[in-house]
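For reference, the structure is listed below as structure tokens.
The values are calculated or read from the model by the stated rules, or taken from the named source; none is laboratory data. Keep in mind that this is a model prediction, so the values were computed, not measured. Note: ideal-geometry Cβ built from the backbone for every residue, glycine included; neighbour counts use all protein chains shown. SASA here: full protein model, heavy atoms, side chains in, ligands and nucleic acids out. Shrake-Rupley method; radii C 1.70, N 1.55, O 1.52, S 1.80 Å.
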Amino acid sequence: MGLPYFHINGGNRLRGTVRVSGAKNAALPIMAASILCEGEIILHDVPYVADVLSLSELLIKLGVDVERRPDHSLRLVVRDEMNSRAEYDIVRKMRASICVLGPLLAKRRRATVAMPGGCAIGDRPVDLHVRAMRQFGADVDLVSGDIVAKAKRLRGAEVFLGGPFGSTVLGTANAMMAATLAEGITVIEMAACEPEVVDLADFLNQCGASITGQGTPRIVVEGVPELKGCEYRIIPDRIEAGTFMVAATITNGELKLENCRLDHLMAFIDRLAAVGVKVERADAAVTVASVRHLEPIDVTTQPFPGFPTDLQAQLMTLLCLADGNSIITEKIFPDRFLHVAELNRMGARLRKEGPTVIIEGVKRLVGAPVMASDLRASAALVLAGLCARGATRVNRIYHIDRGYERIDEKLRAVGAEIERREGDET
Ligand code: EPU
């Protein structure tokens with residue numbers, strides 16, 4: 001017995017149909033929002049990934065009954081409101097735990113959430129979350145590594161969420177969730193416009209909240225006395241869809257993606273088109289076919305509707321095989337480049353200069369043992385393995401299991417040679 005890893009034999013063309021799962025980054029804040037609600041919540045299309053299990057564990061500790069059903073639905077009901085503490089052991093594993101802060105404070109008037117530390121993709125501060133809670137009138141202190149927040153009541157407020165790297169997705173989620181039960185009107189300026197924020201707002205409105213402007217930088221929330229439960233379907237995972245689009249292209253194959261929202265992927269599809277890749281909608285599915293010649297391009301990650309940082313690593317793998325030099329600049333997490341050195345082990349020619357990577361196209365990648373460092377970097381290495389000559393071993397795949405549901409099984413079903421094995425790290 002050792003650690004699980006992926007063994008991939010590269011070179012197979014992927015062909016067939018893949019169903020995209022529900023979005024992890026929409027499911028997590030919506031699950032946390034259960035803390036705000038009276039009555040039963042049924043969520044459909046919740047992806048079965050490790051982060052969802054970690055948040056379920058945390059919610060159970062916070063007194064929420066969480067029942068997972070085999071059809072990807074989740075039933076959540078608040079049973080007990082005594083505990084308002086998210087411990088470090090769970091926050092450390094999953095930074096998204098921070099999204100219980102707003103709901104706990106709004107509903108239980110107190111929250112203790114361990115301060116998340118840094119992670120592989122950067123420092124990831126939470127100052128904007130804390131600032132928002134203070135603007136609602138809460139007392140917030142840092143005590144022995146915990147964010148301790150208290151309020152007799154929350155008042156609607158004007159909340160500005162701009163930071164040095166743009167807005168904040170989970171910060172917007174926290175502010176919006178707290179505002180639903182605050183007294184009066186809240187205006188969130190420079191709110192994140194990501195589809196996952198819109199999904200949370202739509203869910204909250206279905207529970208009885210009054211939110212407008214979701215999907216724009218100005219969200220207005222009119223506080224209500226209480227929220228009830230509802231039944232809701234999570235949006236498709238745009239990052240998983242984008243990852244499979246690269247898989248089709250990079251293996252010279254053709255994939256049909258079901259449950260795929262192209263309107264959530266405009267910037268990504270624009271860049272794929274510039275590379276020469278065709279993405280077409282046919283009936284309810286989206287087809288991606290390969291091209292022989294990949295054009296080099298420039299890409300800069302930006303908040304939505306710009307190019308998503310969560311697809312930066314995967315696109316980099318594709319650009320390794322372009323016919324010329326490409327440039328990727330990371331404007332959200334300037335240090336999110338741990339995949340660069342690993343891709344270079346596979347024969348890529350990448351040079352990092354500050355928040356930019358210069359990619360010199362090569363004819364082919366070559367299989368090698370590589371180390372996954374974070375969720376999206378691991379996806380980039382799996383993609384590299386799928387097109388590389390020879391065998392690739394991707395170690396530390398627990399990173400990929402955090403956010404991709406059964407990626408090995410899904411890839412195998414469309415022709416990839418990928419196996420989950422166990423052994424000592426090489
Ligand atoms: N930031 C601050 N202060 C804050 C919060 C954020 O300066 O208080 C900075 C961050 O350091 C970063 C930028 O603002 O430079 C944007 O970070 P954001 O807060 O939007 O990130 P997040 O909400 O913590 C979510 C996703 C990430 C995704 C980012 C950006 C979830 C659970 N996570 O994180 O997803 O990369 O938005 O789109 O929704 C992933 O799925 O692999 C992942 C990392």
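Considering segment 272-326, and only residues there that are of a type in the set (Ser, Thr, Tyr) and assigned to a helix (DSSP H, G or I), the residue that is most open to solvent (accessible area, probe 1.4 Å) turns out to be Thr309. Taking the numbered list (1) within 29 Å of Ala289 (Cα to Cα); (2) open to solvent by 20 Å² or more (accessible area, probe 1.4 Å); (3) more than 16 Å from the ligand (Cβ to nearest atom) in turn, Ala267 passes all entries but (3).
For segment 192-223, a residue qualifies if it is surrounded by fewer than 21 Cβ atoms within 10 Å (Cβ to Cβ), among the charged types (D, E, K, R) and either modelled with pLDDT under 95 or within 18 Å of Pro103 (Cα to Cα) (or both), and the qualifying residues are Asp202, Glu222.
Exactly one residue among Gly16, Gly2 is at pLDDT below 95 and small (Gly, Ala, Ser), and that residue is Gly2. Restricting attention to segment 2-22, the residues being touching a helix residue (DSSP H, G or I) at 6+ places or on another chain (Cβ under 8 Å) and of a type in the set (Gly, Ala, Ser) number 4. For Val18, the test of being open to solvent by less than 10 Å² (accessible area, probe 1.4 Å) and not in a loop (DSSP other than H, G, I, E, B) is passed.
Take the conditions (1) under 18 Å from Met245 (Cβ atoms); (2) part of a strand (DSSP E or B); Pro4 misses just one of them, which is (1).
One line per residue, one yes/no per condition, for (1) in contact with a Lys or Arg (Cβ under 8 Å, 6 or more places away or on another chain); (2) at pLDDT 95 or above:
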residue	(1), (2)
His72	no, yes
Val77	no, yes
Asn83	yes, yes
Val91	no, no
Met94	yes, no
Gly102	no, yes
Ala106	no, yes
Met115	no, no
Pro125	no, no
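Scanning segment 94-115 for residues that are outside any helix (DSSP H, G or I) and near the ligand (Cβ under 9 Å from one of its atoms) turns up just one, Met94. Do we find that Arg376 is in contact (Cβ under 8 Å) with a residue 24 or more places away in the chain and in the same structural domain as Thr251 (by TED's automatic domain parsing) in this structure? Yes: the conditions hold for Arg376. Counting only residues that are in a helix (DSSP H, G or I) and either without any contact (Cβ under 8 Å) to a residue 24 or more places away in the chain or more than 16 Å from the ligand (Cβ to nearest atom) (or both), segment 400-421 holds 6 of them. Where strands (runs of 3 or more DSSP E) sit wholly within segment 356-399, those with at least 2 residues that are more than 22 Å from Arg13 (Cβ to Cβ) occupy 356-360, 369-371.
Inspect all residues belonging to segment 336-350 and state whether any of them is part of a helix (DSSP H, G or I), among the charged types (D, E, K, R) and in the same structural domain as Leu255 (by TED's automatic domain parsing). For segment 336-350, residues part of a helix (DSSP H, G or I), among the charged types (D, E, K, R) and in the same structural domain as Leu255 (by TED's automatic domain parsing): present.
Return yes or no: is Gly229 among the small types (Gly, Ala, Ser), open to solvent by 10 Å² or more (accessible area, probe 1.4 Å), within 24 Å of the chain's Cα centre (by Cα) and more than 30 Å from Lys363 (Cβ to Cβ)? No: the conditions fail for Gly229.
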